[in-house]
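A.B. asks: Sharing a structure with you now.
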Amino acid sequence: MGRSCNISRVTRETDIKMNFDLDGSGKAEIKTGIGFFDHMLNSFARHGFFDLDVVVKGDLEVDTHHTIEDTGIVLGSAIKKALGDKTSIKRYGSMILPMDETLVLCAVDLSGRPYFRFDAPFTAERVGDFETEMVKEFFYAVSCASEMNLHIRKLDGENNHHIIEGIFKAFAKALDEATMLDGRINGVLSTKGTL
Ligand SMILES: [Mn+2]
């Protein structure tokens, strides 16, 4: 079976089908209807070595809000489901990722307790059809649904495309590290005995 899962989620606003494999090779097949969002999810899969297939039919005639937020909910649920009982995972992961003039910090604790801190201001309302304020909504949804402590902070940067892409890549690298298996860890890495 491995650390993978399929999830379907249908509401009056979105219809989402996702296949997710934590131990993939970075293969992605992404169709959200939002070009820049597809580009970001591709980067996430590639740089985290996750396999990710997503098809989203969202109410883009309204705006991009529900499509992006609900994709975050489903990705978070997929991460949680694929992790299973979290046996032998490293639990913590972090990355400071440079991308040209941009520098982004991301830190993850797969603690089972959702917490979300986001400090990355943007200077443009959109990149392509993607509304920049949705970056925060997306990662908030991922954090809640996966029960992950997630910190994202822009340390430097000017170009909004770079800043957002830096965030998705930094998250991918931090999550890749946190989900890695460590043979020294018997059970889960917690003095409480549960994550
Ligand atoms: Mn790019």
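The numbers here are math on the coordinates, done by the rules we state, and not lab data. This is a predicted model, so every value here is computed, not measured. Heads up, the Cβs are rebuilt from the backbone with ideal geometry, glycines too, and the neighbour counts pull from every protein chain shown.
A.B. asks: To check you understand DSSP bridge types, tell me what percent of the beta bridges within the range 27-172 (both residues inside) are antiparallel, rounded to 5. Write down the numbers at each step before the final one.
C.D. replies: Details: 17 of 26 bridges.
Antiparallel bridges: around 65 percent, rounded to the nearest 5.
A.B. asks: Considering only the other residues whose Cβ falls under 12 Å of the Cβ of His162, what net charge follows from Lys and Arg at +1 and Asp and Glu at -1?
C.D. replies: Around His162, the surrounding residues sum to -3.
A.B. asks: Under 12 Å from the Cβ of Val10, count the other residues' Cβ atoms, weight Lys and Arg +1, Asp and Glu -1, and hand me the total.
C.D. replies: Values: positive: Arg9, Arg12, Lys17, Lys57; negative: Glu13, Asp15, Asp70.
The answer is +1.
A.B. asks: Please build a GNM for the chain, connecting alpha carbons under 10 Å apart, and tell me which residue among Val62, Val108, Val135 fluctuates the most.
C.D. replies: Per the Cα network of the chain with a 10 Å cutoff, Val62 tops the list.
A.B. asks: Among Gly183, Ser8, Leu150, which residue has its Cα furthest toward the positive end of the charge dipole of the chain, with +1 on Lys/Arg Cβ and -1 on Asp/Glu Cβ?
C.D. replies: Gly183
A.B. asks: Same structure, new question: Distance in nm between label sites at Tyr115 and Asp156, each 7 Å beyond Cα in the beta-carbon direction?
C.D. replies: 2.8 nm
A.B. asks: Using a Förster distance of 22 Å, how high is the FRET efficiency between Leu60 and Asn19, based on the Cβ-Cβ distance and rounded to 0.05?
C.D. replies: Details: r = 22 Å, r/R0 = 1.01.
Working from the Cβ atoms, E equals 0.50.
A.B. asks: Return the single residue from Arg184, Arg91, Arg117 with maximal mean-square fluctuation; model: Gaussian network over the chain, springs between Cα atoms under 10 Å.
C.D. replies: Answer for the Gaussian network model of the chain: Arg184.
A.B. asks: Going by amide H atoms built from the backbone, whose H comes under 5 Å of the H on Phe118, apart from near neighbours?
C.D. replies: Ile152
A.B. asks: Right, another one. Placing one identical point scatterer on every Cα of the range 143-195 and ignoring solvent, what is log10 I(q)/I(0) from the Debye formula at q = 0.29 Å⁻¹?
C.D. replies: Cα-only, vacuum Debye calculation for the range 143-195: -1.21.
A.B. asks: Now for a different question. Please build a GNM for the chain, connecting alpha carbons under 10 Å apart, and tell me which residue among Lys173, Lys86, Lys17 fluctuates the most.
C.D. replies: Most flexible of the set in this elastic network: Lys17.
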